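Enquirer: Have a look at the structure that comes next, please.
The values are calculated or read from the model by the stated rules, or taken from the named source; none is laboratory data. These numbers were taken from a predicted model, which means no experiment stands behind them. Glycine gets a Cβ as well: all are built from the backbone with ideal geometry, and neighbour counts include every protein chain shown.
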């Protein structure tokens, strides 16, 4: 879940220099995919991903931070935005999140709960009546869990 420091130091100046926010970096060692999530206020379109991909490909070819072949993917964070830093957890306080932990806490490795914020390096969650304090370093992966409003069908086709 945590952004690899070496990759972040290489990638972030290029991404921010192009006017984008570096949301995070993931390397899937099984599929050999390097994912770079970018964002900006107006949102991300395919052209943005292509521009960043072109710039990063050249840099990564020269610097060669990952041994062997891999695929570079540039993506917007999407509705199920990944959360990489404590600042992300603080920024999205109040939303529903999905967390996967490195090791179980209270017998659980997975949580889907309301994000209450951050306190002293711990992520605070509300799951029904239960509150949890999850040490940030225990989190393997975290994403926003999009919530959709249910549309009422009352009045639709009932002659009103």
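Enquirer: Given the conditions (1) touching a strand residue (DSSP E or B) at 6+ places or on another chain (Cβ under 8 Å); (2) over 14 Å from residue 92 (Cβ atoms); (3) free of Cβ contacts under 8 Å to residues at least 60 places away in the same chain, and given that residue 107 satisfies all but one, which numbered condition is not satisfied?
Expert: Tallying (1) touching a strand residue (DSSP E or B) at 6+ places or on another chain (Cβ under 8 Å); (2) over 14 Å from residue 92 (Cβ atoms); (3) free of Cβ contacts under 8 Å to residues at least 60 places away in the same chain, residue 107 fails exactly one: (1).
Enquirer: Then there is this: Of all residues in region 32-59, count the ones that are more than 21 Å from the chain's Cα centre (by Cα) and either loosely packed, with under 12 Cβ neighbours inside 10 Å or farther than 24 Å from residue 88 by Cβ (or both).
Expert: 4
Enquirer: Do you know which of the residues in region 60-85 that are in contact with a helix residue (DSSP H, G or I) (Cβ under 7 Å, 6 or more places away or on another chain) and at pLDDT below 95 is surrounded by the fewest Cβ atoms within 10 Å (Cβ to Cβ)?
Expert: Per the criteria, the residue is 63.
Enquirer: Would a scan of region 53-68 turn up a residue that is touching a strand residue (DSSP E or B) at 6+ places or on another chain (Cβ under 6 Å) and touching a residue at least 40 places away in the same chain (Cβ under 8 Å)?
Expert: no
Enquirer: Could you check region 98-112 and list, in sequence order, the residues that are in contact with a helix residue (DSSP H, G or I) (Cβ under 8 Å, 6 or more places away or on another chain) and surrounded by 12 or more Cβ atoms within 10 Å (Cβ to Cβ)?
Expert: 101, 102, 105
Enquirer: So, one more: Residues that are part of a strand (DSSP E or B), in contact with a helix residue (DSSP H, G or I) (Cβ under 6 Å, 6 or more places away or on another chain) and outside the structural domain of residue 25 (by TED's automatic domain parsing): does region 133-144 have at least one?
Expert: no
Enquirer: Out of all the residues in region 135-149, is one or more over 16 Å from the mean Cα position of the chain (by Cα), loosely packed, with under 15 Cβ neighbours inside 10 Å, more than 25 Å from residue 5 (Cα to Cα) and free of Cβ contacts under 8 Å to residues at least 40 places away in the same chain?
Expert: Checked against the condition, which is being over 16 Å from the mean Cα position of the chain (by Cα), loosely packed, with under 15 Cβ neighbours inside 10 Å, more than 25 Å from residue 5 (Cα to Cα) and free of Cβ contacts under 8 Å to residues at least 40 places away in the same chain, region 135-149 yields at least one hit.
Enquirer: Among the residues of region 86-120, write down those that are part of a loop (DSSP other than H, G, I, E, B) and modelled with pLDDT of 95 or more. It would help to see each step written out before you state the result.
Expert: We begin by selecting, within region 86-120, every residue part of a loop (DSSP other than H, G, I, E, B); these are 92-95, 106-107, 120.
Selection gives 92, 93, 94, 95.
Enquirer: Additional query: Looking at residue 78, is it under 28 Å from residue 103 (Cα atoms) and free of Cβ contacts under 8 Å to residues at least 40 places away in the same chain? If you could, list the steps in order and put the result at the bottom.
Expert: Working: under 28 Å from residue 103 (Cα atoms): yes; free of Cβ contacts under 8 Å to residues at least 40 places away in the same chain: yes.
Judged against the criteria, residue 78 is a match.
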